[in-house]
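Structure first, then comments.
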Amino acid sequence: MNARSPWNAERAAAIVEANRHLRGNLLPILHALQEEFGCIDEDAVPLLASELNLSRADVHGVVSFYHEFRRTRPGRHTIKVCRAEACQSMNADGLIDHIRRRLKVNFHETTADDAFTLEPVFCLGNCALAPAMMVDETLHGRVSPGRFDSIAASTLAAEAAR
Amino acid sequence: MSATMHTVYVPRDAAALSVGAEEVAAAIRAEATKRGLPLRIVRNGSRGMLWLEPLVEVETAEGRVAYGPVSAEDVPGLFDAGFLQGAEHALGHGLTEAIPYFAKQERLTFARCGIIDPLSVEDYRLHGGFRGLERALAMTPAEIVAEVTESGLRGRGGAGFPTGIKWNTVLNAWADQKYICCNADEGDSGTFADRMIMEGDPFCLIEGMTIAAIAVGATEGYIYIRSEYPHAVATMREAIRLAYDEKWLGDAIHGTAHRFHLDVRVGAGAYICGEETSMLESLEGKRGTVRAKPPLPALEGLFGKPTVVNNVLSLTSVPVILDKGAAYYRDFGVGRSRGTLAFQLAGNIKHGGIVEKAFGVTLHELLYEFGGGTITGRPIRAVQAGGPLGAYLPPSLFDLPKDYEAFAAVEAMVGHGGIVVFDDGVDMARQARFAMEFCAAESCGKCTPCRIGAVRGVEVMDRIIAGQNVAANVTLLQDLCEVMTDGSLCAMGGMTPIPVRSALKHFPEDFTRSPTAVAAE
């Protein structure tokens, strides 16, 4: 389940403070901010620039370089589906077509009910059990279209049960 | 009812979890409670026989007995059959270590993986852990470097550069601070050995990095793990915490004057950060753009200081070299490829997993004797060896021995040991297009041949696939590949042409299909 707290400058400043002592601290801070807010909020850029003595361009450059950092909040769950070669050999393309049709989204989009954001990924390290996908931080292997449907359904059921 | 305490192993490896190991462990615990049987469940790493996951093992007097692939629904039946005594069952495979796939391997680096509890220092010690480090603590830095050099160990990340020579450069560099950086940004499709050993034997990596630190005079180290590996990140962090607790890391390693501090850093979804200089930029908190070399990272690396950058498998091979000596390790392998490599069988393969063998094993042995052919049951048409920048090879080359030089001679590479298998349904023109598409998506953008070339490559491939002016476009593609190979700053742009050219060379028929034939499919 993604954390998606609204932007809070005080909380963000505390995260910066907690990681300030690390050398090369920008990536750890960005990870921590995304874990808290679900994305790198627009307001994070000037804050980081001033706190870390960087230009806004530097911060923006780092945020935009890495695929993992988002600029908008995701849905409640993130589905990362692998489209690299090992999964291709086990018809990942067919699985991806199924997922797109089933969720009615393309890559980088969120479903209308805000439940799932679909992201492509190049390799999850589960290449002997392809095709692979990750829902939040849970890895799944041998994902057939039918297995995808049941994983999506049980993800929502587990959420409803909480 | 027997009151004997039984020990059952259920892997915590991410691949095992991806097919239900957590549910199986819970079901076994519940069933044992229901039946009033005292039971200890150890969450081990994976044995590497991934098609059998979740592979449940039961400790017996004869050794560990394997059952797999087990689902939660199978658990009551396993209890009924008496699996706690190692009884026969439809899912049973007898003694784990007698399974031919496992028995035929030469496990040096992965010797403990899947056997021990990955987060028990005691278990690690019982299985020979920290013996290499203990020996290193009594040696001079130059002696350690010499031992690694003599072992013939070469960089397991793909480039195959002799590890001892790299260490020697760092040892002889003068600086107030030196670093050990472990490259665990295992982004190549078809590879998962780094992930498996970090999850299954994390202390082995800590031990290897500590030995490296003592050898070159470094006092700080980082493990750069890709964000796609949350399980490996969690396991490594916990293992580091335990190692500090037991004084295997910190200011007085094992009561000596040696100091080494280790931290995990997490990548953020950029394939290029597996390139060593790009990884260093990322560790410094910057965009992961490639640096021009020279200066070598060994002289000006992390924060401008002399730095050893080694792959996970290079560093996890170091403890056994120090423990058993250079000659023991060097006696495995062929030619200038010494020791073993953990080959990874992936994609459309019946028996996918880790096969650690000495160099010299052929692709044919790996694909058929170990792998059992494709899972779809169709003939293998191509394999991609060495990741997304590796060559596509046809069955006529499957007798090739796995050896850095033999592979280089046919414009292929061993790389990180990953082998992705495709059956006869594969369209090699599409695979060539994907190689360019991947490069376009993952190029750091610093040099033009890679940044622009990959985009042009996708466009040219689209025209070829559409059957437009194919002969002229293939010539153009060859020209483009030459520019990228000769003009790119690093292996990303420089080697993307390898899968493209190998597909064109070995599977030309896929590039010259008429547009009507393509449209008819």
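Read-outs: derived from the displayed coordinates by stated rules, not from any lab. It should be emphasised that the depicted structure is a prediction, and the values quoted were computed from it without experimental measurement. Heads up, the Cβs are rebuilt from the backbone with ideal geometry, glycines too, and the neighbour counts pull from every protein chain shown.
For B:Lys446, the lysines whose Cα comes closer than 22 Å to its Cα, not counting residues fewer than 8 places off in the same chain, are B:Lys286, B:Lys293. Phi-derived couplings, Karplus 6.51 cos²θ - 1.76 cosθ + 1.60 at θ = phi - 60°, listed residue by residue for the range A:8-25: 9, 4, 5, 5, 4, 5, 5, 5, 4, 4, 5, 10, 4, 5, 6, 7, x, 7 Hz, with x used for Gly and Pro. Once the chain from B:Arg241 to B:Glu369 is taken as fully extended at 0.36 nm per residue, the excess over their C-alpha distance is 42.0 nm.
Note on B:Gln85 and B:Thr60: the extension gain reaches 8.4 nm, defined as 0.36 nm multiplied by sequence separation minus the Cα-Cα distance.
For B:Thr219 and B:Thr512, what is the calculated FRET efficiency with R₀ set at 60 Å and r taken between the beta-carbons, to the nearest 0.05? Plugging the Cβ-Cβ distance into 1/(1 + (r/R0)^6) gives 0.55. Both radii were evaluated on the Cα set of the range B:333-423; the Rg over Rh quotient, with Rh as the Kirkwood radius, amounts to 0.93. Our coupling estimate for the range B:9-16, obtained by passing each phi through the Karplus curve with A = 6.51, B = -1.76, C = 1.60 and θ = phi - 60°, is 10, 10, x, 10, 4, 4, 5, 5 Hz, Gly and Pro reported as x. Here B:His254 and B:Thr7 are evaluated by their C-beta separation; at R0 = 25 Å the FRET efficiency comes out at 0.30. Label separation (B:Lys293 vs A:Arg100): 3.8 nm, computed from points 7 Å beyond Cα along the C-beta direction. Classify the protein assembly as shown: rounded, prolate or oblate, from the alpha-carbon gyration tensor (a ≥ b ≥ c, eigenvalue square roots; a/c under 1.5 rounded; otherwise prolate if a/b is larger than b/c)? Taking the square roots of the gyration eigenvalues as a ≥ b ≥ c, the protein assembly as shown is rounded.
Distance from the C-alpha centroid of the range B:438-460 to that of the range A:59-84: 21 Å, rounded to the whole angstrom. Computed over the protein assembly as shown, the per-residue total of -39500 (n - 2.57) for DSSP H runs of n ≥ 4 gives a 222 nm mean residue ellipticity of -12000 deg cm²/dmol, rounded to 500. Annotation: amide H of B:Phe332 within the under-5 Å range of B:Gly339, sequence separation 5 or more or interchain, hydrogens built in the peptide plane.
The phi torsions of the range B:493-509, fed into the Karplus equation with coefficients 6.51, -1.76 and 1.60 and a -60° offset, translate into couplings of x, x, 10, 3, x, 4, x, 5, 5, 5, 5, 5, 6, 8, 10, x, 4 Hz, rounded to whole numbers, with Gly and Pro shown as x.
For the pair B:Ala98 and A:Arg56, label points projected 7 Å from Cα toward Cβ lie 7.1 nm apart.
Put simply, the amide H of B:Arg381, placed in the peptide plane, has neighbours under 5 Å in B:Phe422, B:Asp423, B:Asp424, leaving out anything fewer than 5 places away on its chain. Database remark: amide H of B:His6 closer than 5 angstrom to the amide H of B:Leu39, B:Arg40 (H placed geometrically; neighbours at sequence offset of 5 or more, or on other chains; Pro and chain starts carry no H).
Based on the Stokes-Einstein relation at 10 °C and a viscosity of 1.306 mPa s, and on the Kirkwood radius from alpha carbon pairs, chain B is assigned a translational diffusion coefficient of 66 µm²/s. A Förster distance of 41 Å, applied to the separation of the beta-carbon atoms of B:Arg35 and A:Glu137, puts the FRET efficiency at 0.80. Remark: spin-label model distance A:Arg147-B:Ser396 equals 3.6 nm, labels positioned 7 Å along the Cα→Cβ axis.
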